[in-house]
Amino acid sequence: MERFNLDGEKIKPLTICLIGGGGFIGSHLCEKLLYKTQHTAIIIDISSTKIKHLLRPYSCWFGRVQFHEINVKRDTLHRHLEPLIAASDLVINLAAICTPANYNTRPLDTIKSNSVDAIPVVEFCIKYKKRLIHFSSCEVYGKTIGSFLPKDHALQNVSELYLLKEYDSPCIFGSIDKQRWTYACAKQMIERLIYAQSALHSLEFTIVRPFNWIGPRMDFIRGIDGPREAVPRVLACFTGNLLRGKPLKLVDGGQSQRSFCYIKEAIEAVLLIIENPARANGKIFNVGNPENDVTIKQLAELMIEVYADVTKQPASKFTTIDVSSNNFYGPGYDDSDKRIPDMTIINRELGWKPAMRLRTILKLCLDHAINEYKSAIKNECDSLLEFHTGYEYFSGSE
Ligand code: NAD
Ligand code: UDP
């Protein structure tokens, strides 16, 4: 079926190279491209676990998807990367180390992955005249101006001090010993490189700044489909603890705020960016849902409520505990206080506005997690109960 973009132009099938396309966002984006469009996806990643359902032979989209298991960091002389970029119409770079626990414990890897490894991608896009959609982060804004004011200061409620705007807000990071900011700083550096290259070499680009997109397949549950010692992002941390009946840990009391956006709505924005180059080129877009702005404590309370409801258990069975960031993440951790996106630009250029409220999103996420992990959690409980009493297991800390 013919499809048309926002300017009424017929959408031509594109060959899209998705670097890091096997991750959380990539897997949802590839689903959308393969199920709902005629575009072809060339996926580069070190893992295909999250996209294996898309790589099955004999599916009706099979001829439109390729997976290349490539670690871009180890692709000496870019022998694999370069021809795949040359063969595409559009390049989308999603590859990154992007879980905060890594920012201060693996600062060098974080810096390289989010800046140095992306440089050849930009250069090949210039060399072969390919359009680039680069995934940056809302984290480039860092802390808000308001965070430096006393908590009860009259200016706290002035939206200019906290609403994050692509072309107005400053990027405020903590001091160098707060290695949390390695990620934000590396993302900012590559944004600046892309911006400069576009002025010098007419690189066609769009920068996407996601604001806490969440949904199924985000990260992993510790000790089940990921290492027990690794720390995923907050949705997976809280989900794992709920599944195991353990307290949800609130870092420094869970007072930081985040605006959560459902992945499938965010993917609609990405598709609009892909298919409306005349409106999206040369722009930076915040993509998030300011209506779903909560503190992490409120997120934990809502997840408990929804999980109790879905599993028909009393909410009083689930608790939260406060932990210090130093204990949870180690030294060097710091945090963004508030992250509320201004949505004027994407709304004006592409007419995108998300609608899904946080409670509905969390229900979808938790339903999915229960289905996905219930047998693994049951096996884990059964084997642990052979060694421990139930009381020790369910009340123990991690
Ligand atoms: P993700 O970790 O699920 O996906 C990243 C993918 O990149 C992974 O599949 C990983 O294997 C791959 N990758 C990493 N290093 C690689 C390498 N050297 N070679 C090949 N592949 C490599 O994370 P995500 O949430 O899907 O994020 C995708 C992008 O969006 C990242 O750039 C991230 O910084 C950005 N982002 C996401 C969010 C969000 O809300 N999820 C927020 C801000 C920014
Ligand atoms: N967080 C928390 N408990 C956890 C995991 C994370 O309180 O078990 C907090 C973390 O300190 C941060 C927020 O949740 O304030 C969001 O963290 P996430 O890792 O999802 O990524 P971020 O939004 O910081 O990039």
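Determine, yes or no, whether residue 295 is of a type in the set (Val, Ile, Thr) and either more than 10 Å from ligand 2 (Cβ to nearest atom) or surrounded by 23 or more Cβ atoms within 10 Å (Cβ to Cβ) (or both).
Values: of a type in the set (Val, Ile, Thr): yes; either more than 10 Å from ligand 2 (Cβ to nearest atom) or surrounded by 23 or more Cβ atoms within 10 Å (Cβ to Cβ) (or both): no.
The answer is no for residue 295.
In the range 211-284, which helices (runs of 4 or more DSSP H) lie fully inside it and hold 3 or more residues that are of a type in the set (D, E, K, R)?
263-275
Residue-by-condition table, conditions (1) surrounded by fewer than 16 Cβ atoms within 10 Å (Cβ to Cβ); (2) among the hydrophobic types (A, V, I, L, M, F, W, C):
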{"position": "109", "(1), (2)": "yes, no"}
{"position": "122", "(1), (2)": "no, yes"}
{"position": "131", "(1), (2)": "no, no"}
{"position": "153", "(1), (2)": "yes, no"}
{"position": "171", "(1), (2)": "no, yes"}
{"position": "177", "(1), (2)": "yes, no"}
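When the range 337-347 is filtered for residues that are among the aliphatic types (A, V, I, L, M) and either free of Cβ contacts under 8 Å to residues at least 24 places away in the same chain or part of a loop (DSSP other than H, G, I, E, B) (or both), only 343 remains. Out of contact with any His (no Cβ under 9 Å at 6 or more places or on another chain), touching a residue at least 40 places away in the same chain (Cβ under 8 Å), of a type in the set (Ser, Thr, Tyr) and more than 16 Å from ligand 2 (Cβ to nearest atom): does that describe residue 88? Here the answer is yes, as residue 88 does meet what is asked. On the stretch given as the range 293-336, residues that are assigned to a strand (DSSP E or B) and at positive phi total 0. Residues being at pLDDT 95 or above and over 23 Å from the mean Cα position of the chain (by Cα) are represented in the range 43-64 by at least one member.
State all residues of the range 133-155 that are out of contact with any Gly (no Cβ under 9 Å at 6 or more places or on another chain) and within 13 Å of ligand 1 (Cβ to nearest atom); if no residue qualifies, say none. Hits for the range 133-155 are 133, 134, 136, 137, 139, 140, 141. Considering (1) within 14 Å of ligand 2 (Cβ to nearest atom); (2) surrounded by 21 or more Cβ atoms within 10 Å (Cβ to Cβ), the lone condition that residue 332 does not fulfil carries the number (2). A Cβ distance below 6 Å, combined with a sequence gap of six or more or placement on separate chains, defines the contacts here; from the range 241-261, residues that are within 16 Å of residue 292 (Cα to Cα) and within 16 Å of ligand 1 (Cβ to nearest atom) reach residues that are β-branched (Val, Ile, Thr) and outside any helix (DSSP H, G or I) in the pairs 257/295; 259/340; 260/214. Among residues of the range 143-158 being assigned to a helix (DSSP H, G or I) and closer than 21 Å to residue 333 by Cα, the one that is farthest from the chain's Cα centre (by Cα) is 148. Please determine whether any residue of the range 47-64 is among the hydrophobic types (A, V, I, L, M, F, W, C), under 24 Å from residue 234 (Cα atoms), free of Cβ contacts under 8 Å to residues at least 24 places away in the same chain and more than 16 Å from ligand 2 (Cβ to nearest atom). Checked against the condition, which is being among the hydrophobic types (A, V, I, L, M, F, W, C), under 24 Å from residue 234 (Cα atoms), free of Cβ contacts under 8 Å to residues at least 24 places away in the same chain and more than 16 Å from ligand 2 (Cβ to nearest atom), the range 47-64 yields no hits at all.
The values are calculated or read from the model by the stated rules, or taken from the named source; none is laboratory data. All of these numbers come straight from a predicted model, not from anything done at the bench. Reconstructed Cβ throughout: ideal geometry from the backbone, glycine too, with neighbour counts over all protein chains shown.
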